[in-house]
Each structure stands twice: as structure tokens, then as C-alpha cells.
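Engineer: Submitted below is the structure of interest, expressed as C-alpha cells.
The values are calculated or read from the model by the stated rules, or taken from the named source; none is laboratory data. Small disclaimer: the values here were computed from a predicted structure and weren't measured. No Cβ is skipped: glycine too gets one built from the backbone with ideal geometry, and neighbour counts run over all protein chains shown. When the accessible area is computed, the model is the full protein with side chains, heavy atoms only, and any ligands, DNA or RNA have been set aside. Shrake-Rupley method; radii C 1.70, N 1.55, O 1.52, S 1.80 Å.
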Amino acid sequence: MHDYKFHTLSPRDFEYLSNDLVGAKLKVDVRSFATGRDKGIDGWLIDKNQLTVVQSKHWENTKNSVLISRLRNDELPKIKKLKPKRYILSVSNDLTVDQVKQLINDFKPYLKEDDLLDRGKINKLISENPSIEANHYKLWFSSGLVDQMQLSNKLT
């Protein structure tokens, strides 16, 4: 399994990656939106008039306590206003068991455990979807993939 830390991605790149991974996981197309005030929506899908919201947070070098506080104070009110049928949260941080439980509790009833994607879960999804990894070339710079490709080209 890969161990990307996502430091080569901008917050926007991370949104696109998250939407692609969620789309692959659910076997649907997740719509992305332009940069700007997004009302808590970085991606969405509507199935049978049921709204699913995808929100991605890539705040590099942010402590988890700050991440959780900002999510609770800034993003939770937006989600409560939207009232989605399903809420999928993607964060580039590693989370502890207690932090996962805390976020699920804070975002109840919208966020379920399977819909909280932290760094470990995102890396697992990348490993399961090599075409997505190939499409997000900025990931390659933080892995050995670029070096492997150059070595392969030298050998052929």
C-alpha cells in the first residue's frame, strides 16, 4: 500500500483526488465545483433526489485538534443547513480512533464511519485504483513512481 502524505498537492488538487476516489468507491460520477465559497460542498452527487456532499480538507501542517475544531465550528453549521442524506469527509491528516469517533459524533447523523476518509483510508483507496493514481501526477513526486519511470526508460 502507498504512504502518500499529500504535501505535493494543493488543497484544490486534494479536492479533485478525493472526488475521484469517492466516485470510484461508489461507482458514480462526483461533480466538482469552482474554487471559492462552496457552502461546505467540494463535490456532490444526487441520486433519486438524495443529496450526497463530499467535503475535502487538506490543511497541511495543521494539528488534528485545530482541524477538528475548525470542522466543528466552521463546517458543521453548513452541513446542518444543507441536510444531506449522506456526508463524506476527506481529510489529509492521520486520525486516531478517538478523533474518528469524535467527528462521527459531532457530525451525527450525516457522517458515518465508512464515509470518513483520513490519510490511511485515502492511501488504501489510491492503491485500489491505480488509474486514479496515474491521473493525479502530482502524487508521483512524493513517491518513487517518477524514479521508477525514469529507470524503466533508461533500461529500454
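Engineer: Only residues in the range 56-81 that are farther than 15 Å from Arg37 by Cα count as the first member; pair them with residues that are at pLDDT below 95 and in a loop (DSSP other than H, G, I, E, B), Cβ under 7 angstrom, at least 6 apart or cross-chain, and list the lot.
Structural biologist: Close Cβ pairs satisfying both conditions: His58/Phe6; His58/Leu9; Glu60/His7; Leu67/Trp59.
Engineer: Given the residues Thr156, Thr96, which is the only one that is at pLDDT below 95, farther than 25 Å from Tyr16 by Cβ, of a type in the set (Val, Ile, Thr) and open to solvent by 30 Å² or more (accessible area, probe 1.4 Å)?
Structural biologist: That would be Thr156, the only listed residue that is at pLDDT below 95, farther than 25 Å from Tyr16 by Cβ, of a type in the set (Val, Ile, Thr) and open to solvent by 30 Å² or more (accessible area, probe 1.4 Å).
Engineer: Within the range 32-61, count every residue that is among the β-branched types (Val, Ile, Thr) and open to solvent by 30 Å² or more (accessible area, probe 1.4 Å).
Structural biologist: Residues flagged as among the β-branched types (Val, Ile, Thr) and open to solvent by 30 Å² or more (accessible area, probe 1.4 Å) within the range 32-61 amount to 2.
Engineer: Does at least one position in the range 83-93 carry a residue that is free of Cβ contacts under 8 Å to residues at least 12 places away in the same chain, out of contact with any His (no Cβ under 6 Å at 6 or more places or on another chain) and closer than 30 Å to Ser131 by Cβ?
Structural biologist: The answer is no; no qualifying residue exists.
Engineer: What residue, among those in the range 19-40 that are in contact with a helix residue (DSSP H, G or I) (Cβ under 7 Å, 6 or more places away or on another chain) and touching a residue at least 24 places away in the same chain (Cβ under 8 Å), is farthest from Lys124 (Cα to Cα)?
Structural biologist: Once the filter is applied, the top-ranked residue is Lys39.
Engineer: Follow-up. Answer yes if at least one residue in the range 118-125 is farther than 20 Å from Asn64 by Cβ, at pLDDT 95 or above and either surrounded by 11 or more Cβ atoms within 10 Å (Cβ to Cβ) or out of contact with any strand residue (DSSP E or B) (no Cβ under 9 Å at 6 or more places or on another chain) (or both), and no otherwise.
Structural biologist: Taking every residue of the range 118-125 in turn, at least one turns out to be farther than 20 Å from Asn64 by Cβ, at pLDDT 95 or above and either surrounded by 11 or more Cβ atoms within 10 Å (Cβ to Cβ) or out of contact with any strand residue (DSSP E or B) (no Cβ under 9 Å at 6 or more places or on another chain) (or both).
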